[in-house]
1. From the list ASP103, ASP152, which one is of a type in the set (D, E, K, R) and at positive phi?
2. Being loosely packed, with under 13 Cβ neighbours inside 10 Å and modelled with pLDDT of 95 or more is the filter here; which residues of the stretch 42-75 pass it?
3. In the stretch 177-197, how many are farther than 24 Å from LYS141 by Cα and either charged (D, E, K, R) or under 10 Å from the mean Cα position of the chain (by Cα) (or both)?
4. Looking at the stretch 129-146, is at least one residue modelled with pLDDT of 90 or more and in contact with a helix residue (DSSP H, G or I) (Cβ under 8 Å, 6 or more places away or on another chain)?
5. Taking the condition of being in contact with a strand residue (DSSP E or B) (Cβ under 7 Å, 6 or more places away or on another chain), within 25 Å of GLY129 (Cβ to Cβ) and in a loop (DSSP other than H, G, I, E, B), how many residues in the stretch 142-161 meet it?
6. With respect to SER182, determine if the residue is outside any loop (DSSP other than H, G, I, E, B) and surrounded by fewer than 13 Cβ atoms within 10 Å (Cβ to Cβ).
7. Just the residues that are of a type outside the set (A, V, I, L, M, F, W, C) and modelled with pLDDT of 90 or more, please, taken from the stretch 85-106.
Amino acid sequence: MEVTGLGMRLMVMALFLLLAEDQKCCHAQKSEGAYLHVHPNRLQFFEYDHISFNCSGYHGPAEWRVIKKLGLNSTQWETSARTLYIKPAFKSHSGEYWCENEDGEKSRNVSITVTNVILEIPAFPVMEGENVTLGCRKKGKPSNLPADFYKDGNYLETGYAGKIIIPNVSKSNEGLYKCSFSESQGKSPESWLTVKA
């Protein structure tokens, strides 16, 4: 009797987990009607760089627009079209952007930073198994200066030519990355690397 009761509880828990996973799956598909593409494909930029945001992969006739978060509960329509061009970029352009339509459906958020030391990290999710190159650059300096790279606040490795390669990425490589030069040269902000199965 005790074994049967335990078996029944395990079956109910397994069914609950399957239903929860199924709902998570379907909700994700619905909410990803559009994708925000950033060009160039990175999250950090120098001042005066040119940046474009594009809403693509949309389904149905709804019009998608690029939105920027202004404050805690404040947003701003950045454009009435699917593409936003920033020429040139300033620090005030730093922030969170996404695509949204009139029905309130939203894409994944993308947070960009405009700064003097940048970590070159992909803005769009990378696929498991790919090799990912991270670069560290300072405005007005050669792009091959040695730099230290960090993940989730912990030292990862030194890129002696200003770059490192993360081979065969997996979900375990997701996290917050940053890079730094010597104290006088500065460090980049942190940005999130997303890995998709």
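1. Selected residue: ASP152, the only one of ASP103, ASP152 that is of a type in the set (D, E, K, R) and at positive phi.
2. The answer is TYR48, HIS50.
3. 5
4. The answer is yes, given that some residue of the stretch 129-146 is modelled with pLDDT of 90 or more and in contact with a helix residue (DSSP H, G or I) (Cβ under 8 Å, 6 or more places away or on another chain).
5. Looking only at that region, the number is 1.
6. On the way: outside any loop (DSSP other than H, G, I, E, B): no; surrounded by fewer than 13 Cβ atoms within 10 Å (Cβ to Cβ): yes.
It is false that SER182 is outside any loop (DSSP other than H, G, I, E, B) and surrounded by fewer than 13 Cβ atoms within 10 Å (Cβ to Cβ).
7. Those that are of a type outside the set (A, V, I, L, M, F, W, C) and modelled with pLDDT of 90 or more: TYR85, LYS87, PRO88, LYS91, SER92, HIS93, SER94, GLY95, GLU96, TYR97.
Here is a yes/no grid of residues against (1) touching a Pro at 6+ places or on another chain (Cβ under 9 Å); (2) open to solvent by less than 40 Å² (accessible area, probe 1.4 Å); (3) free of Cβ contacts under 8 Å to residues at least 40 places away in the same chain:
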residue: VAL117; (1), (2), (3): yes, yes, no
residue: PRO122; (1), (2), (3): no, yes, no
residue: VAL126; (1), (2), (3): no, yes, no
residue: LYS139; (1), (2), (3): no, no, no
residue: ASN144; (1), (2), (3): no, no, yes
residue: PHE149; (1), (2), (3): no, yes, yes
residue: ASN154; (1), (2), (3): no, no, yes
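The values are calculated or read from the model by the stated rules, or taken from the named source; none is laboratory data. Since we're looking at a predicted model, the values are computed, not measured. Cβ sites come from the backbone with ideal geometry, for glycine too, and all protein chains shown count toward neighbours. Quick note on the areas: whole protein, heavy atoms, side chains included, nothing else; ligands and nucleic acids left out. Shrake-Rupley method; radii C 1.70, N 1.55, O 1.52, S 1.80 Å.
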